[in-house]
Amino acid sequence: MAARDEDVPRYSYVLAVCAGLFGLPAVYALVDYMAARSLGNFLAGGPVSDYRAAFVAAGLFALGNAVLGAAFGLWWPEKTWRWGVWVCAVPTVFVSLLGDGAWDFLAWEALTLAPACLGAYAAGRLHLNYVAVDESG
């Protein structure tokens, strides 16, 4: 049976915040390494010389955040999209305080919070549907 809201342990929220604090920089470093340092300027807010490569870097960064959210969505599926908020909460506060403007914040949200919430929602729904089919069959 799927976990109810009461079944989600308190430590899982701390775990999600820690995953955001350590997982998001790890995703950034992995994308930066995979892109052979040429795409790091885009992720750091610098000038973009190759828009195709920047699009690929943004996609990989968003995919990494979706995987982070999906991990929590699979483990505790009743919270679905809210795990993405917990994963991205603390880094988002830092970006909102240290960013240069609203466009930096919106770009951050589009590359981190939205994919993490979508990944957690999709994984949670998939898990709940699988459990419902398994219980009826």
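Quick one: which helices (runs of 4 or more DSSP H) lie wholly within the range 45-137 and hold at least 1 residues that are open to solvent by 60 Å² or more (accessible area, probe 1.4 Å), closer than 25 Å to Tyr33 by Cβ and modelled with pLDDT under 90?
Values: elements: 51-75, 82-98, 102-108, 114-136.
The qualifying helices (runs of 4 or more DSSP H) are 51-75, 82-98, 102-108.
Filtering the range 1-44 to residues that are open to solvent by less than 60 Å² (accessible area, probe 1.4 Å), at pLDDT below 75 and in contact with a Lys or Arg (Cβ under 9 Å, 6 or more places away or on another chain) leaves only Ala3.
This table checks each residue for (1) within 15 Å of the chain's Cα centre (by Cα); (2) farther than 14 Å from Phe61 by Cβ.
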{"residue": "Trp76", "(1), (2)": "no, yes"}
{"residue": "Trp83", "(1), (2)": "yes, yes"}
{"residue": "Cys88", "(1), (2)": "yes, no"}
{"residue": "Trp103", "(1), (2)": "no, yes"}
{"residue": "Glu109", "(1), (2)": "yes, no"}
{"residue": "Thr112", "(1), (2)": "yes, no"}
{"residue": "Ala116", "(1), (2)": "yes, no"}
{"residue": "Tyr121", "(1), (2)": "yes, yes"}
{"residue": "Tyr130", "(1), (2)": "no, yes"}
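The values are calculated or read from the model by the stated rules, or taken from the named source; none is laboratory data. Remember, it's a predicted structure, so these values are computed and weren't measured experimentally. Cβ sites come from the backbone with ideal geometry, for glycine too, and all protein chains shown count toward neighbours. The protein model used for the area step is the full one, side chains on, heavy atoms only, and it has no ligands, DNA or RNA in it. Shrake-Rupley method; radii C 1.70, N 1.55, O 1.52, S 1.80 Å.
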